[in-house]
Each structure stands twice: as structure tokens, then as C-alpha cells.
1. Limited to the range 43-52, what total is found for residues that are within 24 Å of residue 110 (Cβ to Cβ) and either exposed (fewer than 14 other Cβ atoms within 10 Å of the Cβ) or of a type in the set (S, T, N, Q) (or both)?
2. Does residue 141 count as buried (at least 24 other Cβ atoms within 10 Å of the Cβ), assigned by TED's automatic domain parsing to the domain that holds residue 372 and either modelled with pLDDT under 95 or part of a strand (DSSP E or B) (or both)?
3. Residues to consider are 386, 420, 439; find the one that is farther than 19 Å from residue 306 by Cα, touching a residue at least 12 places away in the same chain (Cβ under 8 Å) and not assigned by TED's automatic domain parsing to the domain that holds residue 321.
4. Criterion first (at pLDDT below 95, under 24 Å from residue 261 (Cα atoms) and either in the same structural domain as residue 221 (by TED's automatic domain parsing) or of a type outside the set (Ser, Thr, Tyr) (or both)) does residue 338 satisfy it?
5. From the set of residues in the range 17-72 that are of a type in the set (Lys, Arg) and within 23 Å of the chain's Cα centre (by Cα), which is farthest from residue 363 (Cα to Cα)?
6. Among the residues of the range 245-252, are any small (Gly, Ala, Ser), touching a strand residue (DSSP E or B) at 6+ places or on another chain (Cβ under 6 Å) and farther than 25 Å from residue 346 by Cβ?
7. Quick one: which helices (runs of 4 or more DSSP H) sit completely within the range 344-456 and have at least 1 residues that are touching a Pro at 6+ places or on another chain (Cβ under 7 Å)?
8. Just the residues that are farther than 20 Å from residue 437 by Cα and of a type in the set (Gly, Ala, Ser), please, taken from the range 50-81.
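The values are calculated or read from the model by the stated rules, or taken from the named source; none is laboratory data. Everything numeric here is computed off the predicted structure, so don't read it as measured data. No Cβ is skipped: glycine too gets one built from the backbone with ideal geometry, and neighbour counts run over all protein chains shown.
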Amino acid sequence: MGGMLTIAELRDRVDAGTIDTVVVGFTDHYGRLLGKRFDAGFFVDDAQQAGAHACDYLLTVDMEMEPVPGYRYANWELGYGDFHLEPDFSTLRVASWLDRTALVLCNLADDGTHQPVAVAPRSILISQLERAEAAGYNAKAASELEYFLYEESYREAAAGGYHDMSPVGWYIEDYHLLQGSREEFYNADVRRHLAASGIPVENSKGEWGRGQHEMNIRYADILAMADRHTVMKQAMKEIADAKGVSITFMAKPHTTEAGSSCHIHVSLWEGDQAAFPGDIDLGPVTGSNAFRWFLGGLMAHIPEVMPFLAPTINSYKRFQEGSWAPTRIAWSHDNRTAGIRVVGRGNGFRIECRIPGADCNSYLAYAALLAAGLDGLTNQIDPPPAFEGNIYEAQELPQVPRTLRDAIDLFAGSDFVRDAFGADVQDHYTHFFRTELAAYDAAVTDWERQRYFEQI
């Protein structure tokens, strides 16, 4: 694939002087790419075999990079030691949007035992993938990632408190090619750089909000897709920064605009054969037992894994009636009011989960869906009947959790989460999400000042 590199190809480019920097990265809980920049010569001579090290506090910090007490994994009492960054060379690629740079993603390992760090996001997905493989399946996935594009640079946006920003498009542009053309100075470059960096693009399109767009890349094995998702977000932010504009993957950046989703398409495969097609009657569709029970697992467990799909305070502002974001737990055939939309045929027969926002960590979101579906397979959980009609109006259906607080309580109390991910992961992420909630509860917001300063 164009843009992907072997170690030998990297060495050749280093010798030729066309690559002089290697970015070595991993994601934290927020999905941010962290790591180091290596001199490319040193990397091919040393670090590509020895790996690298970073402080283990990076899996215990808040958004401002402050160490948070209360984690068992790493804390002041343990001295905040190192973990080991082990490059996964299947991810080695040209970072086309950066000058003379390659990029590789890493797994995190304990520096003493060399065992995977269980609470690291990529480790969590790999663990679920191993469960799928033990059951005879591999999983494929794709992300549809939405974002808003603004005329202001990130520095200008921050200086203005992120108020009164100017979207590049000034009216709703859903599929609107004229409005979309105004954004091609950015979106076209993104498509070109992604394609040149080993991330094959399908298309981009205008979305429902002003200045809102969607970037679609080709499906892949689920781990490779999570990696592509991570690199894509990093590239898109850095391309925006270089152009003096800004984008956001906030789930709901504006009260009066549509939110930004990350619709996730997922299917199981047995080797080269799709496992979901079949002749079992499930109302509007037919499928295999694998499809039936995987769907049943999703329907049963999505409320318990919501923090992995909707990880921030802001995530839950997106779930509004008539907003294109799902508000109730239901599945349907080709119905965009459903949280679970079943689409496609033949090898393209798949499940689309429309619940995650663009703010999700792809490793955690994919792991959540895979874990829920696999539990359905293991326990042969039947899904409820498909829903037909406007799900926004179906008061009898259960709602998705409407706040992060509600979602954390379900996650923390779930026997399924503990069994699927392990107690260490459940406890670690419960603490992480509660820390985020506590920070919000302590903050005085613009809304409060505008509402109470004079009138109360």
C-alpha cells in the first residue's frame, strides 16, 4: 500500500536523506497521540530494535497533563517509572503532511515484565481481538468521522475563548458540492496526505452543520482501522494548524448545530468469508447466527460500555431528538434514527453503530463493540425485534444514557465489563471518567455567569 514502509525501505530513505525524523507514538485515554520524535538514523540503528521509554504517568494524567491521584497503575508512591514503547512495524508509514518524516505506532509494555500494559487503549483492543480470534473470527471495521472546520487558527480560537468562531461554510452543506468546494483548500489536502500516508480514502462530504464535513476511509481489519483512525485525526489537526485554520472533533461544539459523530461499521469474518450473511429470518433482514447473536450482544450491553463510546461531558449533549444522533437503544434496517443500523448485502452486510461521537478513542470504542458482540456470541443472546418507524418518537424504547454520570455508574457496576475487560481496566477507567466528571463539576461555566450573575 502506498505510504506504508518496511524497515528496509525506511533505512533506504534515511540513507537517501528523504526521511530524517521518525515519530514514535501511542494514544492516551483521550485518544491523543503522545510520544517522541527520533533522529531517523538513530531510530533505524538502535530504537527500531530496542524500542523507547516514556513515563507511565501518561496513563494517569488529566487533559492538562497533571498527574491524578487514585490510580493503582501508577502513582507518586510507586515513583512514576517507565513503560516500554514497542513499535508495531505494521503501522510504519510516511507522514506525508510533515516534512521528511515517518511515523510508527507502539504497544505499551511493562518495563520489567515486558507484558502488555493492560490499561493502555491499544492493549484493550488487542485483548478483545484475541478473544475474537480464539472464537474463530477476525473483525473488520470502518469509521465515518465528522468534524467542524473554522477560519480561525487554533491559537486565535484559544485567545478568543473559542467564542464566536467563523465556520468556513456559512450554511448547511449536507452533500452540497458548492459549499464543499469552499473547503477544498483543506479537505483536498487531507485526502491527498492520508492516501500518501497509507490511509486509503473513500470520499469526503459536507455534513449537516455549517462548516461541518465528514471524512471516510476504507474499512480494514479492526486493529489496522483503529490505527488509521488515530493517525487520521493527528494528521487532520496538524494540517489545519499548518494552514492557519482549525478543526474540532468535539461531539457537540455548538448548542444550535448538529453534533459530530463517529459512525462505526463492524462485521465478523471467518478468514476471507464474511460471517454475517445467512438465511435466518430477522424481520427486515436475514443473517447468520453470528450476526444474530453479535447484534444481540450489542443491544444488551451498549448502555454498560457507553463511556468507551461517549467519553466526555460534551459527548452527551449530542443526543438530542431529531438531531441525527440516536437517543434510544434500538436496531433497524437502513434507518438513521436507530442507534444500531443494519446495512449492506453479501460481504458488505454489516452493523453500523451510530452512537459514538467524533470525540471517541477509536481503540476503546472498537473494543467496546467487539466485547459486547462477542458476549452475545458466547451466550447466544437474541436481539429484540427490529424497530420500524421514527425511533425518536418511540417512548417505549430504552434511552441511551443521557449524561456521563449515568454512563459511569452503569460502567462501574457492570459484571459484563469486569468479565470482558478485567477488573484492572474497569477500575482504572472508572477512575479516569470520574476524574473528568469531577473537573466539570468544579468548574464555573460561561452559562452559569450569563444566567446568574445579574438575575439571581
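1. Count: 4.
2. Working: buried (at least 24 other Cβ atoms within 10 Å of the Cβ): yes; assigned by TED's automatic domain parsing to the domain that holds residue 372: yes; either modelled with pLDDT under 95 or part of a strand (DSSP E or B) (or both): yes.
Yes; evaluated as a whole, the condition is true for this residue.
3. Just a single option satisfies the conditions, and that option is 439.
4. Numbers: at pLDDT below 95: yes; under 24 Å from residue 261 (Cα atoms): yes; either in the same structural domain as residue 221 (by TED's automatic domain parsing) or of a type outside the set (Ser, Thr, Tyr) (or both): yes.
So residue 338 passes the test.
5. In the first step, residues of the range 17-72 are kept if they are of a type in the set (Lys, Arg); the result is 32, 36-37, 72.
In the following step, the residues that additionally are within 23 Å of the chain's Cα centre (by Cα) were identified as 32, 36.
Details: 32: 11, 36: 20 Å.
Result: 36.
6. Among the residues of the range 245-252, at least one is small (Gly, Ala, Ser), touching a strand residue (DSSP E or B) at 6+ places or on another chain (Cβ under 6 Å) and farther than 25 Å from residue 346 by Cβ, which makes the answer yes.
7. Details: elements: 362-379, 404-412, 415-421, 423-442, 446-452.
Those helices (runs of 4 or more DSSP H) span 362-379, 404-412, 423-442.
8. 50, 51, 52, 54, 74, 79, 81
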